[in-house]
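Okay, so here's the structure we're looking at.
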Amino acid sequence: MIARRSLIALSAGLVMSAGLGLPSYAEDTFKVGLILPMTGPFASTGRQVEAGAKAYIAAHGDTVAGKKIELVVRDDAGTADQTRRIAQELIVNDKVNTLAGFGLTPLALSVAPVITQAKVPAVVMAAATSSITQASEYFIRTSGTLPQYSVPVARWAHENNIKKVVTLVTDYGPGIDAETWFTKEFKAKGGEVVEAVRIPLQNPDFAPFLQRVRDAKPDAVFVFLPSGVGSLFMKQFVDRGLAEAGIKLIGTGDITDDDILNGMGKPALGTITAHFYAAAHDSPENAEFVKAFKAANNNMRPNFMAMGGYDGMHAIYAALEATKADADGAALIKAMKGLAWTSPRGPISIDPQTRDIIQNIYMREVKDVNGELQNVEFATYKDVKDPVKAGQ
């Protein structure tokens, strides 16, 4: 939360900038300020989102409605204070037309007062706590929310004779969302959550928490972890003997992140997850996207963060076309509401009421496909809204 003194200073600074002509953008340039964790423990998120955004520009050109698109990439190292400071600098000094990125929930929430005051849109390409879009009317989201893909896991567990579950989540907004909505749906179906385990966000050692899971003897453990830390978890899951004890591993797709899935090896096989995107998604649009993405990024496999960046740029392009190059923040947000298109992940749209994404959620199993581990889809929940805002 920004202190009152900081808010006053921010407001004064933006008002002064307005007096100097903010926004005063070059007529032929539209700047996108991309704020991402490019260093630190969540650097893989930043790398993937940036690559996804650049893949969209490479595929669709860098000019829209007569405006040249310019990405201005800044590293916040996963620290909310830096995110907020960078957002202010991008708006006031670099005169960006829109902000985008936001690798973690606290980072996105830190800029809510900034974008509201400046009336600058912010496209959330990664962070997944449901409440983010409620923090400012200038947020839209092209990633997803944890409730969106936690509820389907609970339904699958019930349908597959899983009766007792331990939830194990990272202790911050997305993890709490995942725990809350999995538990709500699983209990409504008659299941029992025997223990709820939360682990620290920074530098976690999963071993003692996994021992608690094994001691509880559930049928399955439902897991949410931030993208990028699944390899250590998988190793410790096996080392602690949970697999040999017959405890099924289920969760959101973050734990089998495509960026690092191949490196997880055999321990990941059979893991059941739900998510909005997998590199193995079977569609001509995705085949084209994956081929181009790998070619441009030294054969790196795209993950769901890359897809959030790719579709975030689509929303920006489509809005700029709809406004006929009018870069006014309110006009751009209005144009983004209700957008619908076919993404490499499948059909998606922006809910005009909530500014959150509506999308298919896929159930997947980790399998060996031609010598590579892949998240192989086997069921689809169509046109899923964020259940928090849908009142489920």
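Structure notes:
- For Val64, the test of being open to solvent by less than 60 Å² (accessible area, probe 1.4 Å), within 30 Å of Gln202 (Cβ to Cβ) and either among the hydrophobic types (A, V, I, L, M, F, W, C) or at pLDDT 95 or above (or both) is failed.
- The set of residues in segment 318-327 being crowded, with 18+ Cβ neighbours inside 10 Å and either outside any helix (DSSP H, G or I) or among the aromatic types (Phe, Trp, Tyr) (or both) consists of Ala327 alone.
- Of everything in segment 156-191 that is acidic (Asp, Glu) and out of contact with any Lys or Arg (no Cβ under 8 Å at 6 or more places or on another chain), the residue that is nearest to Pro226 (Cα to Cα) is Asp177.
- From the options Ser136, Ser150, residue that is buried (at least 24 other Cβ atoms within 10 Å of the Cβ), in contact with a strand residue (DSSP E or B) (Cβ under 9 Å, 6 or more places away or on another chain) and of a type in the set (Gly, Ala, Ser): Ser150
- Evaluating Val49 against the criteria (1) crowded, with 19+ Cβ neighbours inside 10 Å; (2) at pLDDT below 95; (3) under 20 Å from Pro302 (Cα atoms) leaves one unmet condition, (2).
- Some residue of segment 248-256 being acidic (Asp, Glu), at pLDDT 90 or above and more than 25 Å from Arg155 (Cβ to Cβ): no
- Residues satisfying the stated conditions in segment 343-355, i.e. crowded, with 22+ Cβ neighbours inside 10 Å, in a loop (DSSP other than H, G, I, E, B) and out of contact with any Pro (no Cβ under 9 Å at 6 or more places or on another chain): Arg345, Arg355
- Residue in segment 183-191 that is outside any loop (DSSP other than H, G, I, E, B), of a type in the set (Asp, Glu), touching a strand residue (DSSP E or B) at 6+ places or on another chain (Cβ under 9 Å) and at pLDDT 90 or above present: no
Per-residue answers, yes or no, for (1) open to solvent by less than 50 Å² (accessible area, probe 1.4 Å); (2) touching a Phe, Trp or Tyr at 6+ places or on another chain (Cβ under 6 Å); (3) modelled with pLDDT of 95 or more; (4) of a type in the set (Gly, Ala, Ser):
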{"residue": "Pro284", "(1), (2), (3), (4)": "no, no, yes, no"}
{"residue": "Ala287", "(1), (2), (3), (4)": "no, no, yes, yes"}
{"residue": "Ala296", "(1), (2), (3), (4)": "no, no, yes, yes"}
{"residue": "Trp341", "(1), (2), (3), (4)": "yes, no, yes, no"}
{"residue": "Asp368", "(1), (2), (3), (4)": "no, no, yes, no"}
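- On the stretch given as segment 210-238, residues that are over 16 Å from Ile255 (Cα atoms) and surrounded by 20 or more Cβ atoms within 10 Å (Cβ to Cβ) total 2.
- Filtering segment 370-392 to residues that are among the charged types (D, E, K, R) and either surrounded by 22 or more Cβ atoms within 10 Å (Cβ to Cβ) or in a strand (DSSP E or B) (or both) leaves Glu372, Glu377, Lys382, Asp383, Asp386.
- Output for segment 256-280, where each listed residue is in a loop (DSSP other than H, G, I, E, B), surrounded by 24 or more Cβ atoms within 10 Å (Cβ to Cβ) and within 20 Å of the chain's Cα centre (by Cα): Asp257, Asp258, Phe276, Tyr277, Ala278
- Unmet criterion (only one of (1) surrounded by 18 or more Cβ atoms within 10 Å (Cβ to Cβ); (2) touching a helix residue (DSSP H, G or I) at 6+ places or on another chain (Cβ under 9 Å); (3) of a type outside the set (Lys, Arg); (4) touching a residue at least 40 places away in the same chain (Cβ under 8 Å)) for Val72: (1)
- Exclusive hit being more than 16 Å from Val153 (Cβ to Cβ), of a type in the set (Phe, Trp, Tyr) and in contact with a helix residue (DSSP H, G or I) (Cβ under 9 Å, 6 or more places away or on another chain), set Phe182, Phe224, Phe206, Phe276: Phe206
- Residues that are of a type in the set (Gly, Ala, Ser) and not in a helix (DSSP H, G or I) within segment 328-342 comprise Gly338, Ala340, listed in sequence order.
- Check on Ile91, surrounded by fewer than 24 Cβ atoms within 10 Å (Cβ to Cβ) and closer than 19 Å to Asp328 by Cα: no
The values are calculated or read from the model by the stated rules, or taken from the named source; none is laboratory data. Treat the numbers as computed from the prediction; the structure is a model and nothing was measured. So basically every Cβ, Gly included, is an ideal-geometry build from the backbone, and we count neighbours across all protein chains shown. The accessibility values were calculated without ligands, DNA or RNA, using every heavy atom of the protein model including side chains. Shrake-Rupley method; radii C 1.70, N 1.55, O 1.52, S 1.80 Å.
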